[in-house]
Amino acid sequence: MTTTLTRTALVTGASRGIGAAIATRLAADGFRVIGVHRSPSESAARVLKAIDAASPGSRMRLCDTADREAVGGLFDGFASEKCVITDLVNCAGITEDRSLALMPDEAWDRVIATNLTGTFNVTRAFALPAMRAGFGVVTNISSIAGVHGNAGQTNYSATKGGMDAMTRTLSRELGRSGIRVNSVAPGFIESDMTAAFSDKQVRALVRTVSLRRIGRPADVAGVVAFLHGEDAAYVTGQTILVDGGRAL
């Protein structure tokens, strides 16, 4: 480690899917993990059990990252506990797919608020203490939809492209303070959504992927773990695609 700080990773959207895999992997790698999720669930309870077993003292916290006051309260609590967050993974996100012509204002607003504004809220709260400490690592979980676009996902693609642009800008702003900022853009990853696909749909999807399989949450978590480790100490401002070669 290049810092004497205890490494504490805050992972948003940690109760399921990619966020849960990232929280579990970082705990296994020795980070104390604080997983953030918006509402109580059985899956959140399972993640808590897993991260606490791997790294005692890890915990889950309720917070709607789109709510600036809630995020401020969360970080005020960390300050009062003298808990320094050294690592941040912004994974909280939602989809509300609809073609542009049929997209309700509310669907646009909710996706922007959760995916993009939520990332801004948490990263801004993280940045000042990290700048004072002279160390920090941020990874934004974006999507290949933000790189290449995806029909029916104007709102989602806009947020993910925005996260990648934010990544590049913040890497310039924060690098002089010893903070690295990168993003990871997953392709098709196993999820509740893909579990509902028919065999025919899965086969059609797999044919678009060079590696001929759908990705696993652990595939994304492994890249995030690399970015938060010493082997990535000179990597910042990058968007790494984890898509099995689908973009080729």
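The values are calculated or read from the model by the stated rules, or taken from the named source; none is laboratory data. These numbers were taken from a predicted model, which means no experiment stands behind them. So basically every Cβ, Gly included, is an ideal-geometry build from the backbone, and we count neighbours across all protein chains shown.
All conditions in (1) of a type outside the set (S, T, N, Q); (2) closer than 20 Å to Phe188 by Cβ; (3) out of contact with any Cys (no Cβ under 7 Å at 6 or more places or on another chain) hold for Ile141, with the sole exception of (3).
The residue of segment 155-173 that is farthest from Leu241 (Cα to Cα), among those that are of a type outside the set (Asp, Glu) and surrounded by fewer than 20 Cβ atoms within 10 Å (Cβ to Cβ), is Arg172. Among the residues of segment 51-58, is there at least one that is hydroxyl-bearing (Ser, Thr, Tyr), within 24 Å of Ala185 (Cβ to Cβ) and crowded, with 20+ Cβ neighbours inside 10 Å? Scanning segment 51-58, I find no residue that is hydroxyl-bearing (Ser, Thr, Tyr), within 24 Å of Ala185 (Cβ to Cβ) and crowded, with 20+ Cβ neighbours inside 10 Å, so the answer is no.
If only residues of segment 125-164 that are within 11 Å of Ile179 (Cα to Cα) and without any contact (Cβ under 8 Å) to a residue 24 or more places away in the chain are counted, the one that is farthest from the chain's Cα centre (by Cα) is Arg132. If you check Gly35, Gly57 for being small (Gly, Ala, Ser), in contact with a helix residue (DSSP H, G or I) (Cβ under 8 Å, 6 or more places away or on another chain) and not in a helix (DSSP H, G or I), only one passes: Gly35.
When segment 71-93 is filtered for residues that are touching a residue at least 60 places away in the same chain (Cβ under 8 Å) and over 27 Å from Ala233 (Cβ atoms), only Gly93 remains.
Figure legend. Inter-residue proximity from segment 220-248: first residues modelled with pLDDT under 95, second residues part of a helix (DSSP H, G or I) and not hydrophobic (A, V, I, L, M, F, W, C), beta-carbon distance below 8 Å, spacing 6+ or different chains. Indicated pairs: Ala247/His148. Over 17 Å from the mean Cα position of the chain (by Cα), assigned to a loop (DSSP other than H, G, I, E, B), modelled with pLDDT of 90 or more and not hydroxyl-bearing (Ser, Thr, Tyr), is that true of Arg213? So Arg213 passes the test.
The requirement of being under 22 Å from His37 (Cα atoms), of a type outside the set (S, T, N, Q), touching a Phe, Trp or Tyr at 6+ places or on another chain (Cβ under 7 Å) and buried (at least 22 other Cβ atoms within 10 Å of the Cβ) is fulfilled nowhere in segment 114-123; no residue meets it. Among the residues of segment 165-185, those identified as hydrophobic (A, V, I, L, M, F, W, C) and more than 16 Å from the chain's Cα centre (by Cα) are Leu174, Ile179.
Among the residues making up segment 64-110, those that are in a strand (DSSP E or B) and under 16 Å from Ala127 (Cα atoms) are Asp87, Leu88, Val89, Asn90. Filtered by the rule that a residue be under 17 Å from Leu88 (Cα atoms) and assigned to a loop (DSSP other than H, G, I, E, B), segment 235-245 gives Val235, Thr236, Gly237, Gln238.
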